[in-house]
Amino acid sequence: MSSPFEQNLEIRKAVLEVMKEGGYYQKVMDAGPDLDRVKEFLLRMEQATHVEPLHKQHPTFLPIFPGLDNQPIRDPAGDPVADYLRAATPEIKAEALRLRKRTLSFSGGLVTDGSWLIYPLWYMGVSLPFMTMHAPVLSRIAANIPRCGMAHPFCEALLSWQDPHTHLAAHCSVDSLRLRYSVGIIVESDCSLRVGEIKKQWQTGESIIFEDCFEHEAWNGDKSRLVFIIDTWHPDLTSVEREALLAGFRKSEVRSILYEYRMSEAMRPFLLKRFAEEEQDPILQAYWDPKADLRIPTVKNWGIWGTTPVFT
């Protein structure tokens, strides 16, 4: 059976086609050595299998970015983001309790037992004003986090409740460009996370720092638990590399392909409007040919995403 990464090859090729027609691809390839790793990353997008994955490292959509120190789990001691989230835990808890009845509920799919409820603030690089308007404290905390990556279409910030005895099945996320911080907000019974071969127990105020490109799964005990999940850029990416990646994946035609892959129909008008509004971003203007007549390629095989949320 082919892997999700193999099944998603046609979508990656559609993204690359837009990048080539719009001048982005050539702009990166003509750049100096500071973008050498981005060049290799774009070349890897055309491949059906991963290049030198680590044990249980299988991002489902984008190739493994070369030269990063990918680790399943990291030590939070001295980590500036973990310190920031630890200090913010009381504020997060107070606002989360107010938002408890506004969460979106999931069952089935990854949820093999119990129920998983989330309160998202960003969805694939777009702020969700109908959610953030009720969560000003969380929005501020997320926007000001060190190495903030919320503009990257695969970064997320959300509250994550698990009802008693909930299990999220083993899965991998889409890319290797991020660190995920999962900070314990309400932890009243045994609950744990396995990433690769490492198993961790949540503790109140403490972050489990992991890379979700590695296989991971979560269990919950006799009581509900709440964690705040937020992504940052991988610390080994340079500012120039982050800018180039943002320019590539925030282009409206590229995001239209990505959102077609993940989009809930109820979100379509709002998201397409936001894509158009953000076309004037100076970062995009620096990498894309404004005169290019771009079209969105037809995709017949939409592969597999595996964790598509449904917004209502």
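The values are calculated or read from the model by the stated rules, or taken from the named source; none is laboratory data. Everything numeric in this text was worked out from a predicted model, so none of it was measured. Reconstructed Cβ throughout: ideal geometry from the backbone, glycine too, with neighbour counts over all protein chains shown. Please note that ligands, DNA and RNA were not included when accessible areas were found on the heavy atoms of the full protein model with its side chains. Shrake-Rupley method; radii C 1.70, N 1.55, O 1.52, S 1.80 Å.
Mind checking which residues of segment 15-36 are closer than 28 Å to ASP293 by Cβ and either in contact with a Ser or Thr (Cβ under 8 Å, 6 or more places away or on another chain) or open to solvent by 10 Å² or more (accessible area, probe 1.4 Å) (or both)?
GLU17, LYS20, GLU21, GLY23, TYR25, GLN26, LYS27, MET29, ASP30, ALA31
Within segment 120-142, take every residue that is part of a loop (DSSP other than H, G, I, E, B) and in contact with a helix residue (DSSP H, G or I) (Cβ under 7 Å, 6 or more places away or on another chain) and give me the one that is farthest from PHE154 (Cα to Cα).
The residue in question is HIS134.
If I ask for residues that are assigned to a loop (DSSP other than H, G, I, E, B) and either open to solvent by 30 Å² or more (accessible area, probe 1.4 Å) or in contact with a Cys (Cβ under 9 Å, 6 or more places away or on another chain) (or both), which ones from segment 71-90 would you list?
Listed by number, the residues that qualify are GLN71, PRO72, ASP75, PRO76, ALA77, GLY78.
Can you tell me which condition TRP219 does not meet? The list is (1) among the hydrophobic types (A, V, I, L, M, F, W, C); (2) within 20 Å of THR103 (Cβ to Cβ); (3) in a helix (DSSP H, G or I); (4) open to solvent by 30 Å² or more (accessible area, probe 1.4 Å), and all the others hold.
Answer for TRP219: the failing condition is (3).
Does ASP75 satisfy the criteria of being more than 19 Å from the chain's Cα centre (by Cα) and either closer than 21 Å to LEU246 by Cα or of a type in the set (Asp, Glu) (or both)?
yes
In this structure, does GLN203 turn out to be over 27 Å from SER127 (Cβ atoms), surrounded by fewer than 17 Cβ atoms within 10 Å (Cβ to Cβ) and out of contact with any His (no Cβ under 7 Å at 6 or more places or on another chain)?
So GLN203 fits the description; yes.
Among the residues of segment 37-70, which ones are open to solvent by less than 60 Å² (accessible area, probe 1.4 Å), under 20 Å from GLY303 (Cα atoms) and part of a loop (DSSP other than H, G, I, E, B)?
Correct list: MET45, ALA48, HIS50, VAL51, PRO59, THR60, PHE61, LEU62, PRO63, ILE64.
Among the residues of segment 226-264, how many are open to solvent by 10 Å² or more (accessible area, probe 1.4 Å), outside any loop (DSSP other than H, G, I, E, B) and among the basic types (Lys, Arg)?
Looking only at that region, the number is 2.
Can you name the residue in segment 147-157 that is outside any strand (DSSP E or B) and in contact with a Ser or Thr (Cβ under 7 Å, 6 or more places away or on another chain) and is also surrounded by the fewest Cβ atoms within 10 Å (Cβ to Cβ) among such residues?
ARG147
Only residues in segment 71-99 that are under 14 Å from SER207 (Cα atoms) count as the first member; pair them with residues that are β-branched (Val, Ile, Thr) and assigned to a helix (DSSP H, G or I), Cβ under 6 angstrom, at least 6 apart or cross-chain, and list the lot.
Hits for this filter: ALA88/ILE141.
Of the residues MET131, MET124, which is open to solvent by 10 Å² or more (accessible area, probe 1.4 Å), more than 26 Å from CYS191 (Cα to Cα) and at pLDDT below 95?
MET131 is the lone residue from the list that is open to solvent by 10 Å² or more (accessible area, probe 1.4 Å), more than 26 Å from CYS191 (Cα to Cα) and at pLDDT below 95.
Out of the residues in segment 275-284 that are part of a helix (DSSP H, G or I) and touching a Lys or Arg at 6+ places or on another chain (Cβ under 9 Å), which is surrounded by the fewest Cβ atoms within 10 Å (Cβ to Cβ)?
Ranking the qualifying residues of segment 275-284, first place goes to GLU279.
Hey, can you tell me all the residues within segment 170-215 that are assigned to a strand (DSSP E or B), within 22 Å of GLU6 (Cβ to Cβ) and in contact (Cβ under 8 Å) with a residue 60 or more places away in the chain?
Matches in segment 170-215: HIS171, PHE214.
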